[in-house]
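Asks: Sharing a structure below in structure tokens format, with a few things to ask.
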Amino acid sequence: MKKQLITIALGALISSVSYGESIQCNKNQTKCQTESNEWTIGDKVGVFNTEGELVAVGKVQEMRQARRTVKISERHGRIKRSHRFALLGNNNATIADTYKGDYKVYNKPSNMSVGANAGVTRVAIGAGTPGVEFTGFGQWRKWQGIQLVGRGTYVNASGDISRTTSEIETEEFNMHGFGATGGAAYTLRENKPIGFRGELGLGFMYSVADIAGDSALIEDSGFDSHLNDGFGPYVRASGSVLVNYGKWHVNFELASSVIHKTNSTTIGGGIIRDLK
């Protein structure tokens with residue numbers, strides 16, 4: 001009984017390894033090899049990912065026992081070992097571009113995008129100072145789908161702020177902030193109808209702020225602003241829901257920021273455009 005269990009386990013291991021290596025391609029993925037006893041030279045085949053999307057198209061070029069060498073004529077994304085070949089037509093068929101109407105073609109995520117957002121914000125100064133935030137960014141795909149992001153942000157907020165001396169004194173607070181961050185983002189379900197995106201950025205913000213028209217009062221410890229009139233650290237983290245329309249993506253975002261030493265929360269939306 002013990003020998004039978006060992007034999008079954010070894011058989012399952014060998015099967016899983018061979019299944020994972022059923023596609024082998026050269027570095028440029030212009031030629032791939034797989035096993036099939038049903039295809040002959042000239043047959044048209046497609047490479048499909050685990051979601052059934054067509055990743056590449058090719059033609060059987062060589063046969064050696066059960067091995068088939070496929071010359072890739074069109075590739076929409078990177079071919080992976082988890083992908084599988086399937087017959088599209090025999091050597092008497094002409095598939096041309098007709099397969100695009102028969103199969104869902106894989107849409108490779110963009111390597112470069114730009115975007116812009118606008119929203120309402122609340123800065124944790126006084127009882128909560130309302131304002132607006134406008135931001136624009138560019139992102140570049142790097143490692144394993146992680147995107148490097150450069151972002152510029154403008155924040156404008158105004159409201160009442162108080163301090164207690166011999167009595168409670170309430171004054172008007174105003175600020176304009178100009179920030180820049182560098183960071184990273186990751187998107188789930190890229191090019192699906194609905195996607196999700198997260199981003200974290202670190203940088204600096206230059207603020208022009210005053211209380212009752214006097215910028216010197218910003219430094220007064222009696223007013224609990226936690227804000228400098230000038231440069232200070234700036235951290236911005238956000239989560240987004242994306243509605244994807246090809247190269248265009250509508251973005252609904254919730255962002256949390258730390259401007260110098262004060263927090264802010266922004267709800268907004270915008271667009272992202274894929275460039276290449």
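Asks: Quick one: Cα centre-to-centre distance for the stretch 162-212 and the stretch 29-80, in angstrom?
Replies: A separation of 51 Å, based on Cα centres.
Asks: Which whole-Hz couplings ³J(HN,Hα) result when phi for each residue of the stretch 53-65 is put into the Karplus expression 6.51 cos²θ - 1.76 cosθ + 1.60, θ = phi - 60°, listed in order with x for Gly and Pro?
Replies: Working through the residues one at a time gives 8, 6, 9, 7, 10, x, 9, 5, 10, 9, 10, 8, 6 Hz.
Asks: Among Lys31/Lys104; Lys44/Lys192; Lys31/Lys80; Lys71/Lys142, which pairs are too far apart, with a Cα-Cα distance over 19 Å? Before the final figure, lay out the partial values.
Replies: On the way: Lys31/Lys104 22 Å; Lys44/Lys192 28 Å; Lys31/Lys80 13 Å; Lys71/Lys142 28 Å.
Correct reply: Lys31/Lys104; Lys44/Lys192; Lys71/Lys142.
Asks: Using modelled amide H (1.01 Å from N, peptide plane; none on Pro or chain starts), what sits under 5 Å from the amide H of Asn111, excluding residues fewer than 5 places away?
Replies: Lys276
Read-outs throughout are calculated quantities, based only on the coordinates presented, and are distinct from any laboratory measurement. No experiment lies behind these values; they were computed from the predicted model shown.
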